[in-house]
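Take a look at the structure below.
The values are calculated or read from the model by the stated rules, or taken from the named source; none is laboratory data. Computed from a prediction, not measured in an experiment: that's the story for all the values here. Note that we place each Cβ from the backbone using ideal geometry, even for glycine, and neighbour counts take in every protein chain shown.
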Amino acid sequence: MMVILRPYYLTISLLILTSPNSSSYVNKMRQPFSIFFTILLLAVTLPPPCAVVSAGSGQWQLLQKSIGIVAMHMQLLHTDTILIFDRTDFGLSNLSLPGGRCRHDPNERVVKTDCTAHSVEYDVASNTFRPLFLQTNIWCSSASVAVDGTLVQTGGFNDGDRVVRTFFPCATCDWKEIPGGLAVRRWYATNHKLPDGRQIIVGGRRQFNYEFYPKSYATAKNAYSLPFLVQTTDLFEENNLYPFVFLNVDGTLFIFANNKAILLDYTKNTVVKTFPNIPGNDPRCYPSTGSAVLIPLRSKTPDFSFTEAEVLICGGAPRGAYTQAKRKRTFIGALTTCARIKITDPNPTWVVETMPGGKGRLMGDMLLLPNGNVLIINGAGSGSAGWEYGRDPVLAPLVYYPDNNPGSRFEILNASNTPRMYHSTAILVRDGRVLVAGSNPHVGYNFSHVIFPTELSIEAFSPPYLEAAFQNVRPRIVGPVSGTRVAYGQTVKVRVDVASGSLVRSLVRVTVLAPPFNTHSFSMNQRMLVLEPSNVTNVDGPTTFEFEVTTPGSPVLAPPGFYLLFVVHQEIPSEGIWIQIL
């Protein structure tokens, strides 16, 4: 293995060694060190022959020992609060509802009168949470955020499988439920926001169709048949639940289920492209449960148009792993590969790479970091998703560098001490940390005499870019203010402060991220666009800089709603600000 030296480490080291303010000892040693770093620079810019692994970095911090419920589902909202929920038939949670309030449900199979909460709103800044009330069962459901910042959650189990629930964040707000809001039962479905502000809801257990919400006209109340979901269903394992869905730059939908993928024109209910099967033909969706991201979109032309899109899929369990774990308690090793495909190519092919560390990963979460890199976190090394079917927790996160050459794209980071198995979640917050929570591979809350006890804690993982060594190059956004509304194709002036007073203009960019809904190792609606700055100037003192960026030109590229905007300098991101694109 070769050790990677991050570009910004190299930059800082060279600045120190060549600075006129260096110590006399360093000045004496400057010539031999300069020769050494010249050789090192040449070495690190050449593509290495194998996966790149560095000594571990990144820091873990326990935020809450218990929030009272399992974080099976999570969504960051524009108020910097996180909506968290599990299921109403886990039994009694460890968090009481306020005011003596109780849930009475004659259809419930476990506890018909339950005075405990199964949802909380967590405040990131204060590290506090408050219980919320849910009437119907939201187990293994799906969601996306509407244009105004309301979370629209769909489906679940038992009496909740056709219910739509909404939550708008405020100090006293709670869930609202709309019985019969869905055309059919939705359980293990996937949602994606569309350019017109609606969401499409795809699949679910024994549902080979899709529908839209909200219903804008009478015929939209119907579910639309999608034979692709029939073709991708295994007889015993299914392996096409929680399909991976991404909005393409031409307005079609990329849908991956089991080991196959298509482009769907949902406006005509027509499959416009069928992709080659993923190499190896192993399944990647639930319960084999790999994960996937849409690689950050970049403008490749002077007119700021976005014409290319790539999808990355990592990990999962080999075909038959679920059956072996369920029937024989035999736990097969997880898949070790990631596969990447440019979905906009006329004749696309998959490029396969092997994850480092010597073992595979299933039930891992893939998150886009503010600098455009991909974090792979949580999960197991063998078995399958499902009750008690996972083994060998994978505790160390990986970073995947999309812009590096194949063979030099992975880095292993510091490990957590807490296994995050089935029903765990992870989500990026505005300050650049990743909050990790959940894990409960049991039918109910179970804290003793089991391999992996029910986990009610929340941890924060701070990626390497948050290290104190980078304070001098980390940008701080001065303007616009958080919550600013912008139009499509608008030129926006961005002002930042850099403590060192040195801004490398060629190493500045802006990223715009749609925070996703995370459950079962897939982050729905996760989407990032990379915007290139222009007219970079020094203003109002030596440490403040201003530049312009042009927002995406179409809702096809960025469906309307709230986004996090970051400024990235030498791969070090600022804290984000909220913008609303309308």
Within the stretch 233-251, of all residues that are among the charged types (D, E, K, R) and at pLDDT below 95, the one nearest to residue 556 (Cα to Cα) is 238
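So that you can scan it fast, the table gives a plain yes or no per residue for (1) in contact with a strand residue (DSSP E or B) (Cβ under 6 Å, 6 or more places away or on another chain); (2) more than 30 Å from residue 98 (Cα to Cα):
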| site | (1), (2) |
| --- | --- |
| 148 | no, no |
| 157 | no, no |
| 162 | no, no |
| 174 | yes, no |
| 189 | yes, yes |
| 199 | yes, yes |
Kindly indicate whether residue 448 is within 26 Å of residue 558 (Cα to Cα) and modelled with pLDDT under 95.
no
Among strands (runs of 3 or more DSSP E) entirely within the stretch 319-391, at least 3 residues that are surrounded by fewer than 24 Cβ atoms within 10 Å (Cβ to Cβ) and not assigned by TED's automatic domain parsing to the domain that holds residue 246 occur in none
Only unsatisfied item for residue 305, checking (1) of a type in the set (Gly, Ala, Ser); (2) assigned to a loop (DSSP other than H, G, I, E, B); (3) touching a Phe, Trp or Tyr at 6+ places or on another chain (Cβ under 9 Å), is (3)
Going through (1) crowded, with 24+ Cβ neighbours inside 10 Å; (2) under 24 Å from residue 240 (Cα atoms) one by one, residue 185 fails only at (1)
Here the residues within the stretch 207-232 that are at pLDDT 95 or above, more than 24 Å from residue 526 (Cα to Cα) and part of a loop (DSSP other than H, G, I, E, B) are none
Of the residues in the stretch 249-265 that are of a type outside the set (A, V, I, L, M) and farther than 30 Å from residue 423 by Cβ, the one that is farthest from the chain's Cα centre (by Cα) is 265
Matching residues in the stretch 269-297 (of a type in the set (D, E, K, R) and closer than 22 Å to residue 204 by Cβ) number 1
Exactly one of 537, 484, 551, 543 is over 30 Å from residue 362 (Cβ atoms), touching a residue at least 60 places away in the same chain (Cβ under 8 Å) and surrounded by fewer than 19 Cβ atoms within 10 Å (Cβ to Cβ), and that one is 484
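Looking at the stretch 477-521, which of its residues are on the phi < 0 side of the Ramachandran plot and either hydroxyl-bearing (Ser, Thr, Tyr) or touching a helix residue (DSSP H, G or I) at 6+ places or on another chain (Cβ under 7 Å) (or both)?
Step one: list which residues in the stretch 477-521 are on the phi < 0 side of the Ramachandran plot, which gives 477-482, 484-488, 490-500, 502-519.
Residues satisfying the conditions are 482, 484, 488, 491, 500, 502, 506, 511, 519.
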Residue 177 fails exactly one of (1) part of a strand (DSSP E or B); (2) in contact (Cβ under 8 Å) with a residue 60 or more places away in the chain, namely (2)
Scanning the stretch 188-236 residue by residue, those acidic (Asp, Glu) and either under 26 Å from residue 563 (Cβ atoms) or within 25 Å of the chain's Cα centre (by Cα) (or both) turn out to be 196, 211
In the stretch 436-453, anything surrounded by 23 or more Cβ atoms within 10 Å (Cβ to Cβ) and more than 17 Å from residue 362 (Cβ to Cβ) is listed as 437
